[in-house]
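Data first, discussion second: the structure below is written as C-alpha cells.
Laboratory data are not the source of any read-out in this text; all were calculated from the coordinates shown. Keep in mind that this is a model prediction, so the values were computed, not measured. Here Cβ is always computed from backbone atoms with ideal geometry, including for glycine, and neighbour counts include all displayed protein chains.
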Amino acid sequence: MKVFKTKKELNLYFKKFRSKNTKIGFVPTMGALHKGHLSLIEESSKENDITVASIFVNPTQFNKKEDLDNYPKTLENDLNLLEKIACDVVFIPSVEEIYNNTILARQFDFDGLENEMEGKYREGHFNGVGTIVKKLFEIVLPTHAYFGEKDFQQLQIIRKLVKKTSLDVKIVCCATYREANGLAMSSRNARLTLQEKEAAAIIYQILSGVKDKHGKLPLDAVHKWVLEQFENQPLFELEYFTIADEETLKSTPNISPEKTYRAFIAVYAREVRLIDTISLNS
Ligand code: PAF
C-alpha cells in the first residue's frame, strides 16, 4: 500500500499507472474508519484496477468549531485497516496541501438540494463538501467514486456537482453498513456510550416502521407516529424527520406514483448527531 501526503507524490505515482483504460476507484473519507468505509473500499477494489482512499478531515464542511475539534482522529489504526484490506493507495494531505493559506469553501449552486434537511441545520456544510470533493477529484482523477447511502443528501449533491462541473467520474452509491442492532455505521458512533449505542437501534426501527406504514397511512399520521416514538425517550432528541422526494430532496405534502421517496432522520444523543435514511420504494 502506498501512502502519499502531497499532490506531487500522488501525481508522480499515477504517471506510471494511469492509461486511458485504467479504472481508478476513489473513496474519500475523513478517517476514523469503520466497516462501512471498508465496504466502500472493497466494492471499489472489485470494480477497479487501482483503489485510492483519502483521509482528510475537511475544515470547511464543519459549521461548529467544536465538532471539528471533536472529530475522531485515528490515523495509525486507519492505515492498518486499509493495509489489511489491500487498499492500493492512501492520500493523507495536510490542510495546507489542500487549501494553501486560504481555508475557505467555494459557493455552489446545487439547484436547491443544499437548502434541504442537513443544509438547514448545518449552514454552509455542502459548500465545504463540494469544495473538498471537487479538489480531491481534480487531484486523484478517479473514474469511479464510492459514497454511502446513509449520507444520501451528500450523494445527490455530489452527483449534481459532477454534472454541473463536467467532471468525468461515475458516482457509485453503496448500501448503508449497519451494526447488528440496525444502527448505521458512522465515525460519530465512537462517541456514543454503550447504552446509547444499544438504544440507538430505535433510529432504524423507526425508519423501518415508516417504510411499513408508507402508502397505508396518511403522511401526517406517519409524522405523528414518529414524534410519538421520541416522547419519553430520554437518550435521544429528534432534530428532524421528513419524507422527501429522492430527486429534489424536498419534503413532500403528498405521494405521487411517478416519484420515489425516502424518509430522512437526524437525532441527537447528547451532543452526538446521528443521521439515517431509508428508501420507501425499494
Ligand atoms: O462523507 C464524508 O466523510 C465527507 O463528507 C467527505 C465526502 C469525505 C468529504 O470530506
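Computed quantities for the displayed model
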read-out	value
Unit charges at the beta carbon, dipole of segment 76-224: most positive-side option, S166, I206, Q107	I206
All-pairs alpha carbon distance profile, segment 38-159, 5 Å steps from 0, percent	2, 10, 18, 21, 22, 16, 8, 2, 0
P(r), alpha carbons of the chain - 10 Å bins starting at zero, rounded %	6, 27, 36, 22, 8, 1, 0
Förster radius 35 Å - calculated FRET efficiency between I255 and N232, Cβ distance, rounded to 0.05	0.70
Mean Cα-pair separation over length for segment 190-282, i.e. relative contact order, pairs under 8 Å, 6 or more apart, %	28 percent
Radius 15 Å from Cβ of T51, net charge of other residues (Lys, Arg +1; Asp, Glu -1)	-1
Cα→Cβ-extended label distance, 7 Å offset, between E97 and A175, nm	3.5 nm
Check: segment 197-267 dipole with +1 on Lys, Arg Cβ and -1 on Asp, Glu Cβ, in debye	160 debye
Within-14-Å neighbourhood charge of S94 [Cβ basis; K, R +1; D, E -1]	+2
Percent RCO, i.e. relative contact order, over segment 20-67, from Cα pairs under 8 Å lying at least 6 residues apart	48 percent
Net charge, L81 excluded, C-beta distance under 13 Å - Lys, Arg +1, Asp, Glu -1	-2
Extension gain, N77 back to Q205 (0.36 nm per residue minus Cα-Cα distance, nm)	43.0 nm
Loop GluC sites (Glu not before Pro), segment 223-282, which have at most 11 other Cβ atoms in a 10 Å radius of their Cβ (DSSP)	E231, E247, E258, E271
Rounded to the nearest 20 debye, dipole of the chain from Cβ charges on Lys, Arg, Asp, Glu	900 debye
Label point at N63 placed 7 Å out along Cα→Cβ; residues across segment 119-139 whose backbone nitrogen lies under 13 Å	119-129
Residue-span extension gain [D49 to Q195] - 0.36 nm each, minus C-alpha spacing	48.3 nm
Theoretical gain in end-to-end length, N70 to E138 [0.36 nm per residue, Cα-Cα removed]	21.6 nm
Choice from K16, K197, K170 with maximal GNM fluctuation in the chain (Cα, 10 Å cutoff)	K16
Cα→Cβ-extended label distance, 7 Å offset, between D111 and S19, nm	3.7 nm
Helix-only CD estimate at 222 nm, as mean residue ellipticity for the chain, using -39500 (n - 2.57) per DSSP H run (n ≥ 4)	-11500 deg cm²/dmol
DSSP bridge pairs, the chain: antiparallel proportion in percent, nearest 5	45 percent
Rg/Rh ratio calculated on Cα atoms of segment 133-282 (Kirkwood radius)	1.00
